[in-house]
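I have placed the structure first, in the form of structure tokens, so that the comments after it can refer back to it.
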Amino acid sequence: MLQAIREKAQGWIAWAIVILISIPFALFGIQQYLGVDANPPVAKVNGDKITQQQLERRVRDFRENMRRVLGKAFVADLFTDAALKPKVLQRMIDETLLKQAAEDWNMRISDAQVAAYIRSLPSLQNNGRFDPGLYEATVRNQGLTKAGFEALVRSDMLSQQQRGGITGSALVTATELAEKVRLDEQKRAIAYLRIPAKQFETETVSEDEARAYYQSHQNQYKVPERVKLAYVRLAARDLAGQVEVSEDKLREYFDTHRDEFVATQERKVQHILIEANDKNDAEKKALAEKLLKQLREGADFAELAKKYSDDPGSAEDGGDLGWVNRGVMVKPFEDAVFAAKPGELVGPVKTQYGYHIILVSKVRGGEEQKFEQVRAKVEKRYRQEQAEELYYDNAERLADLAYETPDSLVPVAEALGLEVQHSDWVSRGHPPAGLNSPKVMNAAFSEDVLAQGNNSDVIELGPTESLVLRVEEHQEETVKPFEQVKAEVMRAAARARASERARAEGEKLLAALRKGGTDLKQAAGEKGWTLEQAEVTHRSAEVPAELVQAVFAVPALKQGQPGYTGVVSAEGDYLLARVDKVTDGDISGYKPEQRKALQASMQRQLGNAEFRGLLQALRARADIEVLLKK
């Protein structure tokens, strides 16, 4: 064979083979000489490298975790590599700094601790016991060796120990606790008035003023990036009418699904439960038998249930459990209920809860149905089932056709007998009517559909509903022309000017009040403004939130003198307030459990703050070089 190869490997064929073989070796050699790293660092932390592969794996893991957590609410555009990589890298830098600090502090996690932790993981257990085979398979599925997995566990345990040691060391004294309650529960008695901006809207703004307002508030007049969509929708409910139906097929379906057309039997049940355990079983059984005897002699079931039953959910109702069907109660109880005749007393029946005395008072459902009685139901169910089969067949064809003709939906619609539907303009956060799914917007603004002009993949809207879409028109984000929004701008500019005049009027009055030159009630009366009284806390909702914040920013009152403040409301009015009285919160009214819960909350907050402080200190003295390309 070798001789034949030598004889035939002549001329241009031989040279082509040599060149093809040489290229990879040549490039490999060049890469080595040029020092090109296939896995370059994206950051260095005190000399320790964070590599590109490590970052990409963490970004991928974070994105997949968010996809699982958010489900249908996941929006791919918010979790692109460009958005995630810088943030994830900063997290990895923090982790590296903490790991280095732990090493400096000689913190260690022993092999025994790692092994015990792994053995305790429920995902690695079978019937409550650690399963070595399951452990090996899990590690292998994650693309790791056992040593690599154990290293990750050790690192995670070390991180938890380090964080717990810092956050758990925070202390909150009784004085700090009392001071927090004093401030958080503080109440302030106020009088306030509203200077309405509307009363200053006396003149129409000029076009020049409106244009100036438009130029400085263009964000208010932006039209977001938007698209018009074409789509075909496939749904099982729309295919039911295409199903061919005959009497023979319906009768055959009825015969094979007869149980589905028989009403489920239900029984109205009362019971008395006598709880029992191993120590008192004989005593409790005797009590149940005694009660059963009394019932058979004519005692009132409801009265005995109220007096003796240990079932808190039914005792007060005379033991009434309502209508019960199969699959709801524990098996011994259920078997006894469905074996009893209406009006029959049964018991004592032993379950894990104790002894039951049971009375079945009524029975309904369970009657055999003839085909003629349920024909309409049979046809509806048959059509639904056949429509679902049609749907799954057509869904496969939908995917194939949309891929084979990526630049049009017309062939897809014609082949499947569907209608190409069209949307009006839609933006990222506003899907078309009837298509309120994040998947639709994710696909519409994806690179493949928006930029490349292709049909989307099949988008599942539900178990038996899907669609394919494409972008028909696209507009980048724009600002509406002034002439188009002129009337709206002029109104907004007039409101803004009026609000500024209300603020100026309010601040003038505020300065006079602080000097003692006038009185708030007198000023309100002179101007026709309404003066209101209120007692507010930090969480008060009866007065505007802006005013609450301003009121609590007023310094402590001196010698009983009132304090004054003012703020512009969200509506553009000016709110002016007088603080008449400050009443501090008092911890003496707290119960011990309330104090304990508050102290634990404060310790968590303080501990987390101390941990953030540690990170800031580590960063301040670290040599950090970020090499990630933007």
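The values are calculated or read from the model by the stated rules, or taken from the named source; none is laboratory data. Being a predicted model, the structure only gives us computed values, none of them experimental. Neighbour counts run over all protein chains shown; Cβ positions are idealised from the backbone, glycine included.
Ala402 - would you say it is out of contact with any Lys or Arg (no Cβ under 6 Å at 6 or more places or on another chain), at pLDDT 90 or above and of a type in the set (A, V, I, L, M, F, W, C)? Can you show your working first?
Working: out of contact with any Lys or Arg (no Cβ under 6 Å at 6 or more places or on another chain): yes; at pLDDT 90 or above: yes; of a type in the set (A, V, I, L, M, F, W, C): yes.
Spelling it out, Ala402 is indeed out of contact with any Lys or Arg (no Cβ under 6 Å at 6 or more places or on another chain), at pLDDT 90 or above and of a type in the set (A, V, I, L, M, F, W, C).
Residues that are β-branched (Val, Ile, Thr), farther than 30 Å from Met92 by Cβ, loosely packed, with under 14 Cβ neighbours inside 10 Å and without any contact (Cβ under 8 Å) to a residue 24 or more places away in the chain: does segment 135-156 have at least one? Quick ask: steps written out before the conclusion?
Let us first name the residues in segment 135-156 that are β-branched (Val, Ile, Thr), namely 138-139, 145, 153.
Those left that are additionally farther than 30 Å from Met92 by Cβ: none.
Within segment 135-156 (the criterion being β-branched (Val, Ile, Thr), farther than 30 Å from Met92 by Cβ, loosely packed, with under 14 Cβ neighbours inside 10 Å and without any contact (Cβ under 8 Å) to a residue 24 or more places away in the chain), the answer is no, since none of the residues qualifies.
Restricting attention to segment 469-489, does a residue exist that is closer than 30 Å to Phe200 by Cβ, basic (Lys, Arg) and not in a loop (DSSP other than H, G, I, E, B)? Walk me through it before giving the result.
Going residue by residue through segment 469-489, those that are closer than 30 Å to Phe200 by Cβ are 479-489.
Keeping just the survivors that are basic (Lys, Arg) gives 480, 486.
Restricting the remaining residues to those that are not in a loop (DSSP other than H, G, I, E, B) gives 486.
Yes - at least one qualifying residue is present in segment 469-489.
Out of segment 75-122, which residues are among the hydroxyl-bearing types (Ser, Thr, Tyr), farther than 17 Å from Phe611 by Cα and touching a residue at least 40 places away in the same chain (Cβ under 8 Å)?
So in segment 75-122, the residues among the hydroxyl-bearing types (Ser, Thr, Tyr) come out as 80, 96, 110, 117, 120.
Add one more test, that the residue is farther than 17 Å from Phe611 by Cα, and what stays is 80, 110, 117, 120.
Scanning segment 75-122 gives a single hit, Tyr117.
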If Lys198 meets every condition in (1) outside any helix (DSSP H, G or I); (2) touching a residue at least 40 places away in the same chain (Cβ under 8 Å) apart from one, which number is that one? (1)
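Does Arg514 qualify as being touching a helix residue (DSSP H, G or I) at 6+ places or on another chain (Cβ under 9 Å), in contact (Cβ under 8 Å) with a residue 40 or more places away in the chain and among the basic types (Lys, Arg)? If you could, list the steps in order and put the result at the bottom.
Numbers: touching a helix residue (DSSP H, G or I) at 6+ places or on another chain (Cβ under 9 Å): no; in contact (Cβ under 8 Å) with a residue 40 or more places away in the chain: yes; among the basic types (Lys, Arg): yes.
For Arg514, the condition - touching a helix residue (DSSP H, G or I) at 6+ places or on another chain (Cβ under 9 Å), in contact (Cβ under 8 Å) with a residue 40 or more places away in the chain and among the basic types (Lys, Arg) - is not met.
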Which of the residues belonging to segment 528-550 are within 24 Å of Gln199 (Cβ to Cβ), in contact (Cβ under 8 Å) with a residue 24 or more places away in the chain and out of contact with any Leu (no Cβ under 8 Å at 6 or more places or on another chain)? Gln533, Ala534, Val543
With respect to the numbered conditions (1) modelled with pLDDT of 95 or more; (2) under 30 Å from the mean Cα position of the chain (by Cα), which one is the sole condition not fulfilled by Tyr574? (2)
Flagged pairs (Cβ under 8 angstrom, 6 or more apart or on separate chains; first in segment 211-228, farther than 19 Å from Pro431 by Cβ and buried (at least 16 other Cβ atoms within 10 Å of the Cβ); second of a type in the set (Lys, Arg) and modelled with pLDDT of 90 or more) are Tyr221/Lys480
Is it true that some residue in segment 561-577 is in a helix (DSSP H, G or I), within 30 Å of Tyr213 (Cβ to Cβ) and of a type in the set (S, T, N, Q)? no
Checking Leu70 against (1) outside any helix (DSSP H, G or I); (2) modelled with pLDDT under 90; (3) surrounded by 10 or more Cβ atoms within 10 Å (Cβ to Cβ), the condition it does not meet: (1)
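Of all the residues that make up segment 332-350, how many are of a type in the set (Val, Ile, Thr) and outside any strand (DSSP E or B)?
Step one: of segment 332-350, the residues of a type in the set (Val, Ile, Thr) are 337, 346, 349.
After this cut, where a residue has to be outside any strand (DSSP E or B) as well, the list is 337.
Selection size over segment 332-350: 1.
Farther than 28 Å from Glu203 by Cβ and charged (D, E, K, R), is that true of Arg514?
Working: farther than 28 Å from Glu203 by Cβ: yes; charged (D, E, K, R): yes.
Judged against the criteria, Arg514 is a match.
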Condition check: among the hydrophobic types (A, V, I, L, M, F, W, C), touching a Phe, Trp or Tyr at 6+ places or on another chain (Cβ under 9 Å) and either outside any strand (DSSP E or B) or in the same structural domain as Gly572 (by TED's automatic domain parsing) (or both). Does Leu291 satisfy that? yes
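Filter segment 317-368 down to the residues that are of a type in the set (Lys, Arg) and farther than 25 Å from Asp281 by Cα and list them by number.
Here is the first cut: in segment 317-368, the residues of a type in the set (Lys, Arg) are 326, 331, 341, 350, 362, 364.
Once the filter is applied, which keeps residues that are of a type in the set (Lys, Arg) and farther than 25 Å from Asp281 by Cα, segment 317-368 yields Arg326, Lys341, Lys362, Arg364.
Using the structure shown, decide if Ser159 is in contact (Cβ under 8 Å) with a residue 40 or more places away in the chain, in a helix (DSSP H, G or I) and either under 16 Å from Ser110 (Cβ atoms) or polar (S, T, N, Q) (or both).
Working: in contact (Cβ under 8 Å) with a residue 40 or more places away in the chain: yes; in a helix (DSSP H, G or I): yes; either under 16 Å from Ser110 (Cβ atoms) or polar (S, T, N, Q) (or both): yes.
It is true that Ser159 is in contact (Cβ under 8 Å) with a residue 40 or more places away in the chain, in a helix (DSSP H, G or I) and either under 16 Å from Ser110 (Cβ atoms) or polar (S, T, N, Q) (or both).
Can you tell which of Arg612, Arg539, Arg595 is outside any strand (DSSP E or B), closer than 26 Å to Asp94 by Cβ and of a type in the set (Lys, Arg)?
Result: Arg612 is the single residue among Arg612, Arg539, Arg595 that is outside any strand (DSSP E or B), closer than 26 Å to Asp94 by Cβ and of a type in the set (Lys, Arg).
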Give just the number: which of (1) touching a residue at least 40 places away in the same chain (Cβ under 8 Å); (2) over 30 Å from Thr478 (Cβ atoms); (3) not in a helix (DSSP H, G or I) does Val205 not satisfy? (2)
Would you mind stating whether Asp278 is among the acidic types (Asp, Glu), surrounded by fewer than 18 Cβ atoms within 10 Å (Cβ to Cβ) and not in a helix (DSSP H, G or I)? yes
Here are Asn455, Asn442: which of them is assigned to a helix (DSSP H, G or I) and over 30 Å from Val579 (Cβ atoms)? Asn442
Restricted to segment 302-316 and to residues being of a type outside the set (S, T, N, Q) and within 43 Å of the chain's Cα centre (by Cα), the residue nearest to Ala286 (Cα to Cα) is Asp310
Among the residues of segment 241-254, are any charged (D, E, K, R) and buried (at least 19 other Cβ atoms within 10 Å of the Cβ)? no
Could you check segment 563-603 and list, in sequence order, the residues that are surrounded by fewer than 18 Cβ atoms within 10 Å (Cβ to Cβ), closer than 30 Å to Phe200 by Cα and free of Cβ contacts under 8 Å to residues at least 40 places away in the same chain? Ala570
If you take the residues in segment 103-134 that are farther than 27 Å from Asp48 by Cβ and polar (S, T, N, Q), which one is surrounded by the most Cβ atoms within 10 Å (Cβ to Cβ)? Gln125
